[in-house]
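Following: one structure in structure tokens, then a few remarks.
Readers should treat all values here as calculations from the given coordinates under stated rules, not as data from a laboratory. Everything numeric in this text was worked out from a predicted model, so none of it was measured.
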Amino acid sequence: MEKIFNFDDRLIRFAGECIFFTRQLERIFENEYYKNQLIRSSGSASLNFGEAQGTISDKDFIFKVSLVVKELKESRNSLKILDYIEEGNVEKRRF
């Protein structure tokens, strides 16, 4: 996988890879719950960073970036839970 140094592009790739990962999960209640959560939080991180780039004040920028961090932590926890219950491709869930 090609290294990306632009943070915006990295967040977009992360959200996309989360979508690709969730597409191959078995359709059971537990997976659906964490799959939906992962898609929302990873996508939200990318979208919030886009909003942060358009802020006017430093205070607003810091607030928006703190939301990005929150959403990334949420995504990480969803992936950890899926890893713990051994759902999905082991190589993909640990990227």
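Here are some notes:
- On Cα atoms only, tilt of 58-84 relative to the major axis of the chain in degrees: 10
- Aspartates and glutamates whose Cα lies under 14 Å from that of residue 92, excluding same-chain neighbours fewer than 8 positions away: 17, 83
- Partner lysines whose Cα lies under 21 Å from the Cα of residue 70, excluding those fewer than 8 positions away in the same chain, are identified as 35, 59, 80.
- Overall shape: prolate for the chain, with the ratio a/c of the largest to smallest alpha carbon gyration tensor axis at 1.5 or above and a/b above b/c.
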